Amino acid sequence: MKRSFSLVDVLLVLAFCGHIAWTVKASSQCKQALSREIRPHSVAITEFGAVGDGVTLNTKAFQNAIFYLNSFSDKGGAKLFVPAGRWLTGSFDLISHLTLWLDKDAVILGSNNPDDWPVVDPLPSYGRGVELPGGRHRSLIYGRNLTDVIITGDNGTIDGQGSVWWNWFQRKTLDYTRPHLVELMNSTGVVISNLTFLNSPFWTIHPVYCSHVIVQNVTILAPLDSPNTDGINPDSSNDVCIEDCYISTGDDLIAIKSGWDEYGISFARPSTNIIIRRLIGHNRNGSGIAIGSEMSGGVSETARGRGGYVRNIYILNVTLVGVDTAIRFDSTFSPHPDDFYDPNALPVIERITIKDVIGNNIKVAGLLKGIEGDTFHHVCLLNIALTITSGSPWNCSHIQGYSAMVSPETCEPLKESIYPNHSSDCYHLSNHLRSSGNQNKGSWLHSW
């Protein structure tokens, strides 16, 4: 039976690692009412002097168009139409009650001049830039404190032209953290759909401190060797639905985050109620779906000093092909923003259920490493069949849990059977048995 998996009060770092091809399937759909809303006012970017030749810088045209459309925000909102063409621009802000619509052959291009991506303050839940101390370059498409924002179209393209940023990063010539392609902060009612996103300088889509977010029917592409080009990273956000997406990037396809060490703990906004359905993707260096590593506000990484918690996770209906490690709990990835983190801030990791997983050409079935003095509890594996190419399929430490119908046979800490006595200890399994699968609640996938 196909079943959705949402992430409820999530948290962890599980990994489907290696040269990945993977699929997640489910049956329901995110609500789409917002994405179909018709705006009573509409203008084209060409009305503000934009030139779609791929050479002319159109930052002012985008800024002026959105400034004009702001006058309609209390009159039903407005649409900014981007027609066919190649529209070079620097960073620009969105407004509330706006639809940014890209025509089929429209391409928004990010400028190769770093001065066109202003430097802004670090996120309060991180305390500094992710890559470098201090500020960070603002995303190409940016917004904060917004309501009812739609970025969509007829499969138009937003291309960050990230190769120059990747080169600067690898040569260590940057002064500030690289920009994302799309970042929305402190916003609610966000829809991103029916578009292709290419070559982000850093993470591609980053909703942070947001609620009620839909990312639907998007394609995200970057070279498999591009550094840290994560696909979609919900960060300290709630009620997020991601579905019907194809992602092929140089790092995690999706990574759920909630702040970094003491800054994330202090900011204390977890990521909760996240649903992912019908996701297909490929990468080489990252994970299929990751929880972490920056998860100190409530979707926590598993290293000392992170703190936070990872609980109530339900993962099912996953297909893996050509993966180095099928399931991985990693407590060793532990960079810190500064020296002021609390080394005794240990995470609580508990009630994680992984069910109905098929894998072919897998090197290692599971690398499940908790933390000494901080055992991960109630990890449950059910109906998992993996074809393993190595002689040592499982490596487990500081883990406690149960299993049933797992091949190859699990490691010793998980060998005790789920049935008949421990289904209530496994997140969602007792509910699943009582409801005969009619309730598609709880769920998730993760990786490092």
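The values are calculated or read from the model by the stated rules, or taken from the named source; none is laboratory data. Since the structure is predicted, the reported quantities are computational estimates derived from the model, not experimental observations. Positions of Cβ are backbone-derived with ideal geometry, glycine not excepted, and every protein chain shown enters the neighbour counts. SASA here: full protein model, heavy atoms, side chains in, ligands and nucleic acids out. Shrake-Rupley method; radii C 1.70, N 1.55, O 1.52, S 1.80 Å.
Summary table
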| read-out | value |
| --- | --- |
| Residue within segment 124-143 that is hydroxyl-bearing (Ser, Thr, Tyr), surrounded by fewer than 24 Cβ atoms within 10 Å (Cβ to Cβ) and out of contact with any helix residue (DSSP H, G or I) (no Cβ under 9 Å at 6 or more places or on another chain) present | yes |
| Residues located in segment 356-381, provided they are in a strand (DSSP E or B) and open to solvent by less than 20 Å² (accessible area, probe 1.4 Å) | VAL357, GLY359, ILE362, ALA365, GLY366, LEU368, ILE371, PHE376, VAL379, CYS380, LEU381 |
| Residue tally, condition within 24 Å of ARG86 (Cβ to Cβ), assigned to a strand (DSSP E or B) and open to solvent by 40 Å² or more (accessible area, probe 1.4 Å), over segment 163-209 | 1 |
| Number of positions in segment 59-78 that are open to solvent by less than 40 Å² (accessible area, probe 1.4 Å) and part of a helix (DSSP H, G or I) | 7 |
| Test: residue in segment 154-162 that is touching a helix residue (DSSP H, G or I) at 6+ places or on another chain (Cβ under 8 Å) and open to solvent by 10 Å² or more (accessible area, probe 1.4 Å) | no |
| Residue match in segment 412-421 (condition: open to solvent by less than 30 Å² (accessible area, probe 1.4 Å) and touching a His at 6+ places or on another chain (Cβ under 6 Å)) | no |
| TYR314, sole failed condition from (1) modelled with pLDDT under 70; (2) of a type in the set (Phe, Trp, Tyr); (3) over 23 Å from ASN228 (Cα atoms) | (1) |
| Residues satisfying the stated conditions in segment 265-284, i.e. in contact with a Pro (Cβ under 9 Å, 6 or more places away or on another chain) and either outside any strand (DSSP E or B) or not assigned by the TED database to the domain that holds VAL208 (or both) | SER266, PHE267, SER271 |
| Filter result for TYR126 (assigned by the TED database to the domain that holds HIS97, assigned to a loop (DSSP other than H, G, I, E, B), under 19 Å from the mean Cα position of the chain (by Cα) and not polar (S, T, N, Q)) | yes |
| Selection count, segment 239-280, where residues are surrounded by 23 or more Cβ atoms within 10 Å (Cβ to Cβ), farther than 25 Å from GLY366 by Cβ, modelled with pLDDT of 85 or more and among the acidic types (Asp, Glu) | 0 |
| Tally of residues being farther than 21 Å from TRP168 by Cβ and open to solvent by 10 Å² or more (accessible area, probe 1.4 Å) across segment 210-238 | 7 |
| Qualifying residue in segment 281-301 (condition: surrounded by fewer than 24 Cβ atoms within 10 Å (Cβ to Cβ), modelled with pLDDT under 85 and over 25 Å from ILE399 (Cα atoms)) | yes |
| Residue list for segment 123-182, restricted to those being among the charged types (D, E, K, R), out of contact with any His (no Cβ under 8 Å at 6 or more places or on another chain) and in contact (Cβ under 8 Å) with a residue 12 or more places away in the chain | ARG128, GLU131, ARG136, ARG138, ARG144, ASP154, ASP159, ASP175 |
| Cβ pairs under 7 Å, 6+ apart, first in segment 403-430 and among the aromatic types (Phe, Trp, Tyr), second open to solvent by less than 50 Å² (accessible area, probe 1.4 Å) | TYR419/ALA404; TYR427/ASN312; TYR427/ILE313; TYR427/TYR314; TYR427/ILE352; TYR427/THR353; TYR427/GLY442 |
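So that you can scan it fast, the table gives a plain yes or no per residue for (1) part of a loop (DSSP other than H, G, I, E, B); (2) at pLDDT 90 or above; (3) of a type in the set (A, V, I, L, M):
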{"residue": "ASN383", "(1), (2), (3)": "no, yes, no"}
{"residue": "ASN395", "(1), (2), (3)": "no, yes, no"}
{"residue": "ALA404", "(1), (2), (3)": "no, yes, yes"}
{"residue": "TRP448", "(1), (2), (3)": "yes, no, no"}
